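A short write-up of the structure that comes next.
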Amino acid sequence: MKLITAVIKPFKLDEVREELSEVGISGLTVTEAKGFGRQKGHTELYRGAEYAVDFLPKVKIELIVKDELLETAIEAIVKAARTGKIGDGKIFVTNVEQVVRIRTGETGDDAV
């Protein structure tokens, strides 16, 4: 099993969720986040004073998939999240040693 962590632009969340649903992935966790990278920040004007906004709003999506669904899930996220502009985000993939469903005690693929 793999843990996919994707950091994307907030307005792309619904499109990513719909695309993942279409390929058979129904469960995910969403966290509001802030970050910066090459996109850098920007300056804003508030009551006549200019200030820097270094951290931009992002959304972090986490989902666990079976190994055979990994590439399909990545392709779905990229397809839905891409705008072609800087700041589209990143996808990280890590191995998952064990999963346990708390309610039933199921483990491994059955718990996903």
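Looking for something polar (S, T, N, Q), part of a helix (DSSP H, G or I), under 16 Å from VAL16 (Cβ atoms) and at pLDDT 90 or above - is there at least one such residue anywhere in the range 65-75?
Yes, that holds for at least one residue.
Answer yes or no: is there a residue in the range 76-92 that is in a loop (DSSP other than H, G, I, E, B), more than 16 Å from THR5 (Cα to Cα) and either touching a residue at least 60 places away in the same chain (Cβ under 8 Å) or touching a Cys at 6+ places or on another chain (Cβ under 6 Å) (or both). Can you show your working first?
Start the filter on the range 76-92 by keeping residues that are in a loop (DSSP other than H, G, I, E, B), which leaves 82-88.
When the remaining residues are screened for being more than 16 Å from THR5 (Cα to Cα), the result is 83-86.
From what is left, the residues that are either touching a residue at least 60 places away in the same chain (Cβ under 8 Å) or touching a Cys at 6+ places or on another chain (Cβ under 6 Å) (or both) are 83.
Yes; the residues of the range 76-92 include at least one that is in a loop (DSSP other than H, G, I, E, B), more than 16 Å from THR5 (Cα to Cα) and either touching a residue at least 60 places away in the same chain (Cβ under 8 Å) or touching a Cys at 6+ places or on another chain (Cβ under 6 Å) (or both).
Any idea which residue in the range 1-33 is most open to solvent (accessible area, probe 1.4 Å), counting only those that are in a loop (DSSP other than H, G, I, E, B) and small (Gly, Ala, Ser)?
Residues of the range 1-33 in a loop (DSSP other than H, G, I, E, B): 1, 9, 23-28.
Now drop any that are not small (Gly, Ala, Ser), which leaves 24, 26-27.
Numbers: GLY24: 60, SER26: 116, GLY27: 46 Å².
Ranking the candidates gives SER26 first.
Filter the range 93-112 for residues that are in a strand (DSSP E or B) and either out of contact with any Ser or Thr (no Cβ under 9 Å at 6 or more places or on another chain) or without any contact (Cβ under 8 Å) to a residue 12 or more places away in the chain (or both) and give the result.
ASN95, VAL100, THR107
Can you work out which of the residues in the range 76-105 that are of a type outside the set (A, V, I, L, M) and more than 24 Å from GLU18 (Cβ to Cβ) is surrounded by the most Cβ atoms within 10 Å (Cβ to Cβ)?
Checked the range 76-105; the qualifying residue surrounded by the most Cβ atoms within 10 Å (Cβ to Cβ) is ARG101.
The values are calculated or read from the model by the stated rules, or taken from the named source; none is laboratory data. Note that this is a predicted model, so its numbers are computed, not measured. Virtual Cβ from ideal backbone geometry, glycine too; neighbours counted across all protein chains shown. Just the protein is used for accessible areas: all its heavy atoms, side chains included, with ligands, DNA and RNA removed. Shrake-Rupley method; radii C 1.70, N 1.55, O 1.52, S 1.80 Å.
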